[in-house]
Amino acid sequence: MNLQGKRIILGVSGGVAAFKAAYLARELQRGGATVQAVMTEAATHFVGTATFQALTGLPVYTDQWDTRIDNGMAHIELTRVADAVLIAPASADFIAKLAHGLCDDLLTTLCLARNCPLAVVPAMNREMWANPATQRNVALLREDGIAIFGPDSGDQACGETGDGRMLEAEQIAEAMDAFFVPKTLAGRRVLITAGPTFEPIDPVRGITNLSSGRMGFAIARACRRAGADVTLIAGPVALPTPDGVVRIDVTTAEQMHRAVIAELDIARAAAQMREAPAAAATRAANAAAAAEYGTAAAGHRRADSGDDAVDRSDGADAGDYGATLPARPGSIRTGPFAGAPRASADGDDDPTLAAGQFAAAAIDYGASSASPNRGIDAFISVAAVADWRVANRSEQKLKKTADGEVPALEFVQNPDILAEVARRPDAPYCVGFAAESEDLEANASAKRERKGVPLLVANIGHETFGRDENELLLIDAAGSRRLPRASKDALAAALATELAQRLRAR
């Protein structure tokens with residue numbers, strides 16, 4: 001945990017959500033942090049100082065004239081021993097003061113005098129959050145390098161529903177833990193596949209494997225925490241989406257293949273449009289297509305206010321591979337975008353995007369890019385993709401017969417997603433995974449050569465599927481190196497660091 005040993009000033013401003021700060025203090029302490037509470041006078045009308053003193057074991061400060069500080073300068077002394085200041089909740093009034101450098105109480109003065117990072121967690125009525133003045137103030141905070149966590153969307157104390165709801169304590173603690181992770185992948189785009197695939201035999205049966213998806217999801221989380229823009233293409237698993245990660249749900253290997261290729265193609269098109277602007281007529285046509293696309297897709301996308309909002313396309317039809325586009329960094333893609341390929345009855349999808357829709361997708365993707373002149377920087381193929389699918393799958397449930405006749409299943413090989421991506425002229429840095437049952441190093445080394453990838457991560461599959469720990473073998477052209485048994489989260493963090501080093505050297 002990156003919170004271990006950290007000293008955090010928890011600033012509480014006035015608002016109904018102040019009660020959540022009490023839970024937050026506990027969550028930060030569970031992560032190993034020492035929490036010093038500082039409250040505004042308005043905050044004490046919602047939660048008493050005795051609550052925070054009891055929870056943190058430290059005196060609570062509310063007054064800039066507090067004489068408990070020897071030199072009388074609480075706004076200076078408190079921050080000089082802090083690793084970060086976290087304001088939760090941050091009211092519209094408090095955000096406005098921060099944005100314009102106003103300091104009329106201890107907490108605002110402390111924020112201005114700090115020599116450590118600052119993060120704020122907005123909490124207010126939906127209309128207050130949407131007000132242009134608040135949005136300008138939040139933009140100013142971001143420009144000043146202040147981290148914004150949230151807000152969430154949902155039911156509010158006033159009885160209304162919408163954006164402005166404060167994140168839950170667990171989400172904020174997770175965001176603070178990630179806050180201290182070195183951003184070694186900042187500005188990078190990482191595409192990851194995770195989980196199993198499911199190949200239908202009939203409408204109720206299919207062929208799959210024991211992959212839980214935990215390793216892939218852990219890597220997505222680790223890369224995001226390291227600062228990358230992460231898109232996760234997930235097979236059928238019931239795992240929560242890591243904060244700030246864009247998730248695309250698929251079922252079959254073919255759907256995963258199409259989703260991966262679509263992401264790479266759209267990213268490449270966006271980069272090309274940035275590097276070599278089209279002629280005026282083409283630009284006009286693309287702009288018109290983008291406008292039409294935006295209108296058509298309005299019902300399929302949501303641009304969340306929070307930097308680390310999460311979502312998933314649980315309700316998507318299995319025939320839709322769920323490829324969608326973020327409206328900007330931090331937004332979430334859910335549901336199929338206009339013109340996305342759809343599965344036909346026999347499982348074959350039309351892989352072609354209409355020219356206007358593809359151009360619009362590329363414009364939208366490029367507009368959201370943290371590194372607009374690049375496509376995907378790295379592709380990490382963690383998913384346990386089925387090697388074969390049923391060629392003669394039944395449209396109706398297969399029934400047992402009186403004579404005990406066994407159905408004759410015919411198989412066809414699925415696309416090799418990793419090898420195809422590695423062969424592309426615009427191939428990102430490719431990392432493959434190998435789940436072997438024996439002769440780990442020999443089999444995995446042969447697979448790396450066969451796939452044509454620079455790095456392959458190998459493990460004994462049946463010893464790790466569904467478990468929280470793993471042991472990995474990293475294989476590249478120079479040889480192999482073991483990562484000893486550890487939690488999948490710890491191994492994922494190590495792999496994110498490894499990826500950052502390799503991308504810098506590329």
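The values are calculated or read from the model by the stated rules, or taken from the named source; none is laboratory data. Computed from a prediction, not measured in an experiment: that's the story for all the values here. Because the Cβ atoms are built from the backbone with ideal geometry, glycine has one as well, and the counts that use them run over all protein chains shown. Heavy atoms of the whole protein, side chains included, go into the accessibility calculation; ligands, DNA and RNA do not. Shrake-Rupley method; radii C 1.70, N 1.55, O 1.52, S 1.80 Å.
Laid out as a table, the results:
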quantity	calculated
Straight-distance crosslink candidates among lysines, where the alpha carbon sits under 25 Å from Lys447 and sequence neighbours closer than 8 are dropped	Lys488
FRET efficiency estimate (nearest 0.05) - Cβ-Cβ, Ala478 to Gln396, R0 60 angstrom	0.65
Accessible area in the full protein assembly, largest first, 1.4 Å probe, for Ser487, Ser13	Ser487, Ser13
Virtual spin-label span in nm between Leu58 and Ala96, 7 Å along Cα→Cβ	3.0 nm
Loop sites in region 1-88: chymotrypsin sites (Phe, Trp or Tyr not before Pro), DSSP, at most 16 other Cβ within 10 Å	Trp65
Gyration tensor (alpha-carbon) shape descriptor, region 139-286, a/c threshold 1.5	oblate
Three-way shape call for region 1-150 based on the alpha-carbon gyration tensor, with the a/c threshold at 1.5	rounded
Extended-chain gain in nm, criterion 0.36 nm per residue less alpha-carbon gap, Glu441 and Ala113	112.5 nm
Nitroxide proxy distance, nm - points 7 Å out along Cα→Cβ at His45 and Asp155	2.5 nm
Gain upon complete extension [Glu469, Lys183; 0.36 nm per residue less C-alpha separation]	100.5 nm
Cα gyration tensor shape for region 127-172, rounded if a/c is under 1.5, else prolate or oblate	oblate
Radius of gyration and Dmax over the Cα atoms of region 380-505, both given in Å	18.6, 65
Sites Gln4 and Arg80, calculated FRET efficiency, Cβ-Cβ separation with R0 22 Å, nearest 0.05	0.60
Nearest-0.05 FRET efficiency for Leu210 and Arg504, computed from C-beta distance (R0 51 Å)	0.90
Residue-level accessible surface for His75, protein heavy atoms, 1.4 Å, Å²	50 Å²
Carbon plus sulfur fraction of accessible area for region 93-242, probe 1.4 Å, in percent	55 percent
Cβ-placed point charges (K, R +1; D, E -1), dipole of region 139-282 about Cα centre in debye, nearest 20	600 debye
Rough spin-label spacing in nm, given labels placed 7 Å along Cα→Cβ, for Trp65 and Arg136	3.4 nm
